[in-house]
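Asker: Quick one: the structure is below, questions incoming.
The values are calculated or read from the model by the stated rules, or taken from the named source; none is laboratory data. Computed from a predicted model, the values in this text were never measured in an experiment. Glycine also receives a Cβ, built like all others from the backbone with ideal geometry; neighbour counts cover every protein chain displayed.
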Amino acid sequence: MVYAGDTRFFRSPEESLLSVLTNMLKAISLGAVIVTSIALAILMVWDKVLSKKHAFFKMFPGPLVAVIFGVLYQLFFGNSNSGFGIDKENLISVPVPVSFSMFLTQFASPDFSQITNTEIYIVAITLAVVASLETLLSVEATDKLDPRKRTTPTNKELIAQGVGNSVSGLIGGLPITRVIVRSSANIQSGGRTKLSAILHGFLLIISVVLIPQFLNLIPLAVLAAVLLIVGYKLANPKQFITLFKLGKTQFVPFINAVIAIVVTNLLTGILLVLAVGFITILITSYKNFHFLHIEDKSNGDQKLKMTLAEEVTFLNKGAILRELNNLPENTYLELDVRKTRVLDYDVLEILDEFSIKAKNRNITIKLISERGIVENPENYKEFFGLKMPA
């Protein structure tokens, strides 16, 4: 989560989360550690104990209580020399206008003289891709957190984000994206409709205009504590254990995503995950393209049945050719393609060529499909409706 006015917490798409965390360890603040620890305790006790004991505690979200604690802590220790205070650079920093005209000066119009600068387009495309991916991931997580299990229309979400970013850019604002922290806080606070998001926006504007001094007293450590709790709820150890029990086909892509995003960055991590997923699909498709078993072996002749999968592509060409060439002579083969929806041209070509070899080896092929049953078909391409040009 990025906070306006504090450029230290901006992370470029090329910068890995691991490097950011390593740099943070070099500047540990005692006050920030204390605030984070107490805020974490407040959030856990409020959620696990107090909110379950009395309805009164449900009226006030735990994060709000943690933020109020952080402000009171800063008011008490901020101006002291005890060493427990938090430096201003570790607080939220928003502009404090002294008049409405000064408030308007915070808005800036685009510099259209840079429209031919190619570097701007590279940055813009990178931000668009990263923000869109983060939004889609947040949508997926939010839909799982929603008690009503509603499905967010992703196209509308991305269109709204695009319009919002266009308007934000025209007035000098930061890029906009959906964030799981606000979404989960909204759900936990009882938000059910779009009105909660609209009110959230108005409250942000009112807060920045009317109480910026109060906002500038909020330690970033409190917000970090809220992020830690939200992150734990979204990726708690139970989910790791559950995915591990589901098998390597589920656990390997999951753990690969976690490691790739932490070690590199969101964009690179997602691309690596997509690559692994693509390779996994290819391997699975290669292994599970058919099912072959022996039904009868009487009088020295074999009766085999080969059932092809729903999709048989050029990736399966070599394996199918090997299976057919290994068939012994005097074999009766039932080729079942009733479940097949995609049969690649390369595969049909192999079957056509094998129909000639089958006659020489006394192999009978019985083709079973939704079009009917044919024994020893001579042209598989025509049978499946593939017309070759003259």
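Asker: Starting from segment 62-84, keep only residues that are assigned by TED's automatic domain parsing to the domain that holds Ile34 and of a type in the set (Phe, Trp, Tyr), then list their pairs with residues that are surrounded by 17 or more Cβ atoms within 10 Å (Cβ to Cβ) and in a helix (DSSP H, G or I) whose Cβ atoms are within a distance under 7 Å, requiring at least 6 positions of separation or different chains.
Answerer: As it stands, the answer is Phe69/Ile38; Phe69/Ala39; Phe69/Ile42; Tyr73/Val35; Phe77/Gly31; Phe84/Gly31; Phe84/Phe77, since those pairs meet every condition given.
Asker: Could you identify the single residue in Ile255, Ile206 that is out of contact with any Phe, Trp or Tyr (no Cβ under 9 Å at 6 or more places or on another chain), assigned to a helix (DSSP H, G or I), at pLDDT 85 or above and among the β-branched types (Val, Ile, Thr)?
Answerer: Ile206
Asker: Here is a further query. Just checking, how many residues over segment 1-43 are closer than 23 Å to Val179 by Cα, of a type in the set (A, V, I, L, M) and modelled with pLDDT of 85 or more?
Answerer: 4
Asker: Just for helices (runs of 4 or more DSSP H) wholly inside segment 209-249: which have at least 3 residues that are more than 30 Å from Ile283 (Cα to Cα)?
Answerer: Because the criterion is at least 3 residues that are more than 30 Å from Ile283 (Cα to Cα), the helices (runs of 4 or more DSSP H) in segment 209-249 that meet it are 212-215, 220-234.
Asker: Sticking with this one: Which one is nearest to Asn316 (Cα to Cα), of the residues in segment 336-360 that are modelled with pLDDT of 85 or more and part of a loop (DSSP other than H, G, I, E, B)?
Answerer: My answer is Val337.
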